[in-house]
Amino acid sequence: MTLRMLVAGNWKMHGLSDDIAEIQAIAAAAREYPDVDVALCVPAILIERAARAVELPIGGQDVHFAEQGAHTGCISARMLRDAGASLTIVGHSERRDAQRESDAEVKAKAEAALACGLDVILCVGESLEVRNSGKAEATVDAQLQASLPTEHGVARSISEQLAVAYEPIWAIGTGKVPTTLEIAAMHRALRERLILQYPEDGAKIRILYGGSVKGSNAAEIFGVSDVDGALVGGASLKRDDFIPIVAAAAETVEASGEAA
Ligand code: PEP
């Protein structure tokens, strides 16, 4: 099944007021590719300004699982929505690592975001050590299983609100990318897990690849089966780097003959 492609940018801890102009440039260029969903996950402090400036979906990079309360420095799903976000990343490996986020916490965050009406990009991925041990698929499958939302008071179907991003940790920001065979094997395993978890909708949940995606390698990655888009870090900061990735997604859609 060919799903509508999603290309989402993760600006991480980059971006100041002046960069709203770049977000506007990205949004304007993205309009040229109506058959691809494009979104930008920006630092929390920029969400409101970005969401006011563009029609492009703007997201957070993390969310707290609680509705409110004594959680200094944290941001709830309602706060994200209130600021104008329509989606959020959860479980990025930089947070799983630096903030010691567990699978259970990631799951709770996904559930809180979905219940509040936010779309969710749930990240999973293995370390280089795990990849070299030959246990990448089993490890990432277990991580996904433990992180997937089971409670989701969603008005829309889970496949409309949830996307999974496979991001091998060793590929993030390194310029290294798994082979297409490795990506295909992992995405197939994740698809099987999604179908087991959500028998009605699992086949329609988008699985993004993330880790050193660039204009120069995007077409090859998008050609892999069960790759339904990309989560892009460094190359999402500038229109001239990001839009070629969106264009590659659009070309993949066109080549498959399934443009909406
Ligand atoms: C990311 O951190 O989500 C990511 C994919 O980063 P990069 O594209 O820079 O590897």
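The values are calculated or read from the model by the stated rules, or taken from the named source; none is laboratory data. No experiment lies behind these values; they were computed from the predicted model shown. All Cβ positions, glycine included, derive from the backbone under ideal geometry; neighbour counts span all protein chains shown. These accessible areas exclude ligands, DNA and RNA; they are computed on the full protein's heavy atoms, side chains included. Shrake-Rupley method; radii C 1.70, N 1.55, O 1.52, S 1.80 Å.
A few points about this structure:
- Size descriptors for region 1-118 (Cα atoms only): Rg and Dmax, in that order, 14.5, 45 Å.
- Volume in Å³ per residue [convex hull over Cα atoms, computed for region 54-205]: 129 Å³
- Kirkwood Rh in Å, taken over the chain so that all alpha-carbon pairs contribute: 18.0 Å
- Per-residue SASA entry for Thr174, accessible area with 1.4 Å probe, Å² rounded to 10: 70 Å²
- Per-selection Rg to Rh, region 126-227 - Cα, Kirkwood hydrodynamic radius: 0.98
- With one equal scatterer per alpha carbon and no solvent term, the Debye-computed log10 I(q)/I(0) for region 9-58 at 0.13, 0.21 1/Å reads -0.26, -0.66.
- Estimated vicinal HN-Hα couplings, Hz - region 105-110 in sequence order (Karplus 6.51, -1.76, 1.60; Gly, Pro = x): 5, 4, 4, 5, 5, 4
- All-pairs Cα distance distribution in region 205-260, expressed in whole percent, bin size 5 Å: 4, 22, 32, 25, 12, 4, 0
- The Rg/Rh ratio of region 62-131, with both radii computed over alpha carbons and Rh defined as the Kirkwood radius, is 1.00.
- Solvent exposure of the chain amounts to 46 Å² per residue of accessible area, where only protein heavy atoms count and the probe is 1.4 Å.
- Sum of side-chain charges, Arg95 neighbourhood, beta-carbon under 13 Å (Lys, Arg +1; Asp, Glu -1): -3
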